[in-house]
Amino acid sequence: QVQLVESGGGLVQAGGSLRLSCSASRSTFSIRTMGWYRQAPGKQRDFLADITSTGNTNYADSVKGRFTISRDNAKNTVYLQMNSLKPEDTAVYYCKFYGSLRDYWGQGTQVTVSS
């Protein structure tokens, strides 16, 4: 079992920045890929970015150049730095642990970007 706890969401004006954090309970965190997704009201959950155990990253086109995913394996934590935020970035943001047998999700953190 893996528990994921996200933090760092909140209300920000358009053009502002936020950094989300996701802490994992599992000691095998360092060898697993981690990812960030988001879900706006009435929409499907969309992929944003992921990062492998060796630090290779992958981004959705919608956030490339504005969002940066990183990880600190010593702290079992993955981050999402979000810059140049837009109102359309408003959503609940979730982190994902890509397990060997199943995936795990955090509870989500709300990000609201005002215009």
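The values are calculated or read from the model by the stated rules, or taken from the named source; none is laboratory data. Just so it is clear, the structure is predicted and the values come from calculations on it, not from any experiment. When we count neighbours, we look across all protein chains shown, and the Cβ atoms used for this are built from the backbone with ideal geometry, even at glycine. Surface accessibility is based on the protein's heavy atoms, side chains included, excluding ligands, DNA and RNA. Shrake-Rupley method; radii C 1.70, N 1.55, O 1.52, S 1.80 Å.
For the range 21-110, the fraction of alpha-carbon pairs lying more than 19 Å apart is 35 percent, rounded to a whole number. Computed over protein heavy atoms with a 1.4 Å probe, the accessible surface of the chain works out to 52 Å² per residue. In nanometres, what is the gap between the two model label sites at ASP72 and GLN13, each 7 Å from Cα along Cα-to-Cβ? In this crude label model, ASP72 to GLN13 measures out at 2.9 nm.
Can you classify the range 5-65 as rounded, prolate or oblate using the Cα gyration tensor, where a ≥ b ≥ c are the square roots of its eigenvalues, rounded means a/c under 1.5, and otherwise it's prolate if a/b beats b/c and oblate if not? Taking the square roots of the gyration eigenvalues as a ≥ b ≥ c, the range 5-65 is prolate.
Surface calculation, 1.4 Å probe, protein heavy atoms: TRP105 sits at approximately 100 Å² accessible.
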